[in-house]
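Everything on this sheet refers to the single structure shown next.
The values are calculated or read from the model by the stated rules, or taken from the named source; none is laboratory data. Keep in mind it's a predicted model, so treat the numbers as computed, not measured. FYI the Cβ positions are ideal-geometry reconstructions off the backbone, even for glycines, and counts take in every protein chain you see.
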Amino acid sequence: MTDVDDERDFYGTFSGEIRQARQSLWLWAPWVANRIRSLLPELRAADRGVQIKVFIRDDTDQLQRKDTSQSLIADLRAVAHTVIPMHVMHQKIAVIDERTVMLGSLNVLSQSWTREVMLTMRGAYFARKLLAHEHAETFARPPRCGRCKGAEIEIRRGKNGTWYWRCYAAPCKTTPSGRTPPWTQDIRLTSGR
Ligand SMILES: [Zn+2]
C-alpha cells in the first residue's frame, strides 16, 4: 500500500497516477457530476494512447438522470474509450496500467462534500485479480442490441446472480401497439464465476 487519502488529498494522488499512466485507466465511478469538470483535462491522457474505460450508474438513477449529469456524461464519452452503464452500480475503484489500484468509498467523478477514504495499492497480481473479479474485460465489450442494433447497452444482474446486457434505447422498447420488454442477453463470463 502506498497511500491512504481522504477526500481532500485523494485528487492530488489520483492526478499524479493518471499523469504517469501509459496504457490503461479503468474506473468504477457510480455518479457523474460537477467534479468531473476538473478531471476532464486529466482524462486527456486518452490522447497519449491510455485506454480509458469507465463504468457508471445507469440513467434510471434519479441523480444520474438529471440534465447536468447527462451533459457531463456526454463530455465523459467524448474523452473515454468506453463508458458502460451498470444498474445500481456502487463500486468505487480505479485501476491504472493493471498495476495500481485505488479503492475505497470515494465517488471519483462526483465527490463534492462527504468524508471519504481511498487506499492506493501497487501490485500487478492484485490489480489483475480485481479486474477479473469485476469482469472488466467482458463487461467493457457490450454487444449491439439484437433488436434495434443500437449501442445503448447497459449491464444488469438478475436476482439469481446472472449478469445480462440490456438495451435501454427508448425507441427499442416502443412498438406501434405500445411498450415491449427491453432486449436482453445473458452475459457469458469467461472466468467461470
Ligand atoms: Zn435495442
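Listed by first and then second residue, the pairs with beta-carbon distance under 6 Å, at least 6 apart or on different chains, first residue in the stretch 141-155 and outside the structural domain of Val54 (by TED's automatic domain parsing), second near the ligand (Cβ under 7 Å from one of its atoms) and polar (S, T, N, Q), form an empty list. With respect to (1) free of Cβ contacts under 8 Å to residues at least 60 places away in the same chain; (2) within 22 Å of Leu189 (Cα to Cα); (3) within 16 Å of the ligand (Cβ to nearest atom), the lone exception for Ile84 is condition (1).
For the stretch 17-57, filtered to residues that are modelled with pLDDT of 95 or more, surrounded by 13 or more Cβ atoms within 10 Å (Cβ to Cβ) and of a type in the set (Gly, Ala, Ser), the residue that is farthest from Pro85 (Cα to Cα) is Ala21.
Residue-by-condition table, conditions (1) surrounded by 15 or more Cβ atoms within 10 Å (Cβ to Cβ); (2) under 22 Å from Gln185 (Cα atoms); (3) in contact with a helix residue (DSSP H, G or I) (Cβ under 6 Å, 6 or more places away or on another chain):
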{"site": "Val108", "(1), (2), (3)": "yes, no, no"}
{"site": "Ser112", "(1), (2), (3)": "no, no, no"}
{"site": "Glu116", "(1), (2), (3)": "yes, no, no"}
{"site": "Leu119", "(1), (2), (3)": "no, no, no"}
{"site": "Arg128", "(1), (2), (3)": "yes, no, no"}
{"site": "Thr138", "(1), (2), (3)": "yes, yes, no"}
{"site": "Arg141", "(1), (2), (3)": "no, yes, no"}
{"site": "Arg144", "(1), (2), (3)": "no, yes, no"}
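For the criterion of being within 11 Å of the ligand (Cβ to nearest atom), over 18 Å from the mean Cα position of the chain (by Cα), of a type in the set (S, T, N, Q) and not assigned by TED's automatic domain parsing to the domain that holds Ile84, Thr162 fails.
Would you call Ser112 out of contact with any Phe, Trp or Tyr (no Cβ under 8 Å at 6 or more places or on another chain) and touching a residue at least 24 places away in the same chain (Cβ under 8 Å)?
Values: out of contact with any Phe, Trp or Tyr (no Cβ under 8 Å at 6 or more places or on another chain): yes; touching a residue at least 24 places away in the same chain (Cβ under 8 Å): yes.
Taking the combined requirement at face value, the residue satisfies it.
Right, Ala169: among the hydrophobic types (A, V, I, L, M, F, W, C) and closer than 30 Å to Thr2 by Cα or not? Answer is no for this residue.
So that you can scan it fast, the table gives a plain yes or no per residue for (1) in contact (Cβ under 8 Å) with a residue 40 or more places away in the chain; (2) farther than 27 Å from Ala132 by Cβ; (3) out of contact with any Asp or Glu (no Cβ under 9 Å at 6 or more places or on another chain):
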{"position": "Arg22", "(1), (2), (3)": "yes, no, no"}
{"position": "Leu27", "(1), (2), (3)": "yes, no, yes"}
{"position": "Ala33", "(1), (2), (3)": "yes, yes, yes"}
{"position": "Arg37", "(1), (2), (3)": "no, yes, no"}
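Residues that are touching a Ser or Thr at 6+ places or on another chain (Cβ under 8 Å) and within 9 Å of the ligand (Cβ to nearest atom) within the stretch 169-193 comprise just one, Lys173.
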